[in-house]
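**Q** Before I ask anything, let me first share the structure, which is written out below as structure tokens.
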Amino acid sequence: MPAIDRSRVRHSFQRGASLYDHLTPLQQRVVEQVLHRLPDAPLAAPVLDIGCGTGRLLAGLVQRYPSAPVVGLDLAFAMLRQARPRVGGRALLLQGDAERLPFRGGSFALIVSSSTFQWCDDLDACFREVYRCLRPGGRFSFALFGAGTFQELRECWRDARSAYGIADRVGADGTHRFHTEAQVRAALERQQFGHVVVESLLEREWYPDVAHLLQSVKRIGAGSSRPPAGGGLGWRRVLHRMATYYTERYGTTGGVPASYEVIHGEGRR
């Protein structure tokens with residue numbers, strides 16, 4: 001499977017930053033889920049949000065832990081510009097990569113992340129960095145989109161390709177391949193996190209039609225972790241057949257659904 005192009009991810013989210021909040025109601029619900037799972041106990045030690053985006057989770061952290069220094073890290077600088085008005089001067093915002101955290105070991109008592117780690121191929125590298133940057137006894141709490149995400153879209157892509165005699169190769173349609181719940185748990189355990197808890201929830205979003213679904217995914221930057229294969233008239237025929245299958249199988253008078261598997265995880269150092 002081709003590796004995720006991190007520079008492509010960064011540029012995609014750069015372009016989508018100004019529209020992100022308007023197009024991501026599900027991601028906003030996931031932020032609330034992450035906050036709900038955090039302890040209410042007072043905290044004065046440093047807190048890090050990896051992939052802070054436009055700052056919704058950061059703002060919740062600032063409100064919940066008013067005595068704690070809060071840091072937000074994101075791969076896309078344009079996202080940080082969107083976050084600044086939301087958190088004011090209460091959070092330090094830095095551009096950086098989840099796979100290479102720019103902090104000394106043991107810097108944070110709490111590290112959180114929402115809807116970020118699905119854009120990283122190497123969960124072990126990410127979780128190793130989190131473990132390194134946590135203080136002994138520190139807590140790691142996160143959510144990412146898992147392998148059940150876009151299951152309808154994958155099915156219809158596969159069948160559309162098959163209808164034209166095109167082999168169903170992993171990544172050949174340009175769609176992202178998400179981590180499974182088992183892979184997330186195993187990555188945490190390999191990094192020797194304690195008190196590991198991993199569970200998944202199935203969420204569903206509705207769109208007017210397949211075109212709006214694809215446009216929404218593309219406009220927030222989430223559709224460009226890998227460049228799609230193919231192109232030209234043949235590719236457009238496959239796309240049209242996919243959309244036809246999707247509408248026939250899943251379309252309703254209210255539009256078409258898209259499934260998202262949200263994997264929540266936590267661990268302690």
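**Q** Given a 1.4 angstrom probe, I'd like the percentage of the accessible area of region 100-149 that is carbon and sulfur, rounded to a whole number. Could the numbers behind the result be given before it?
**A** Values: 770 of 1560 Å².
Answer for region 100-149 is 50 percent, counting heavy atoms of protein chains only.
**Q** Same structure again: Per residue Cα convex hull volume for region 74-118, in cubic angstrom?
**A** On the way: hull volume 4.5 nm³, N = 45.
Hull volume over Cα atoms, normalised by residue count, gives 99 Å³.
**Q** Hey, can you find the accessible area per residue of region 21-128 for me, probe 1.4 Å, expressed in square angstrom?
**A** On the way: 4410 Å² over 108 residues.
Per-residue value: 41 Å².
**Q** Could you give me the ³J(HN,Hα) list for region 81-95, computed from phi with Karplus coefficients 6.51, -1.76, 1.60 and θ = phi - 60°, whole Hz, x at Gly and Pro?
**A** Couplings: 5, 5, 6, 4, x, 6, 10, x, x, 7, 9, 8, 10, 9, 8 Hz.
**Q** Under 14 Å from a label point 7 Å along Cα→Cβ of L94: give me every residue in region 135-150 with its amide N that close.
**A** Those under the cut-off are 135.
**Q** If you split all Cα-Cα distances of region 96-158 into 10 Å bins from zero, what percentages do you get per bin, shortest first?
**A** 20, 44, 21, 11, 4
**Q** First measure r as the distance between the Cβ atoms of A41 and S259, then evaluate 1/(1 + (r/R0)^6) with R0 = 41 Å and state the FRET efficiency to the nearest 0.05.
**A** Values: r = 35 Å, r/R0 = 0.85.
Once rounded, the FRET efficiency stands at 0.70.
**Q** Could you tell me what % of all Cα pairs in region 33-137 have separations over 18 Å?
**A** Numbers: 2354 of 5460 pairs.
Tail fraction, whole percent: 43.
**Q** Using +1 on the beta carbon of Lys and Arg, -1 on that of Asp and Glu, and nothing else charged, what's the dipole of region 34-178 about the Cα centre, debye to 20? All intermediate terms of the calculation are to be shown ahead of the outcome.
**A** On the way: 18 positive and 14 negative charges, 120 e Å.
With only Lys, Arg, Asp and Glu charged at Cβ, the dipole is about 580 debye.
**Q** Could you list which residues have their amide H under 5 Å from that of D209, counting only those 5 or more apart in sequence or on another chain, with H placed in the peptide plane?
**A** Amide H neighbours of D209: V256.
**Q** While we're looking at this one, here's another question. Pop a pseudo-label 7 angstrom from the Cα along the beta-carbon direction at both Q192 and D122 and give the gap in nm to one decimal.
**A** 1.9
**Q** Let me ask something else about it. With θ set to phi - 60° and the Karplus curve 6.51 cos²θ - 1.76 cosθ + 1.60, what are the ³J(HN,Hα) couplings of region 242-259 in order, to the nearest whole Hz, using x for Gly and Pro?
**A** Rounded to whole hertz, the list is 4, 5, 5, 4, 4, 5, 5, 8, 10, x, 9, 5, x, x, 10, x, 9, 8.
The values are calculated or read from the model by the stated rules, or taken from the named source; none is laboratory data. This one's a predicted model, so the numbers in the text were calculated from it and none came from an experiment. Here the Cβ is made from the backbone with ideal geometry for all residues, glycine too, and neighbour counts use every protein chain on show. Remember, those area values only see protein heavy atoms, side chains included, never the ligands or the DNA or RNA. Shrake-Rupley method; radii C 1.70, N 1.55, O 1.52, S 1.80 Å.
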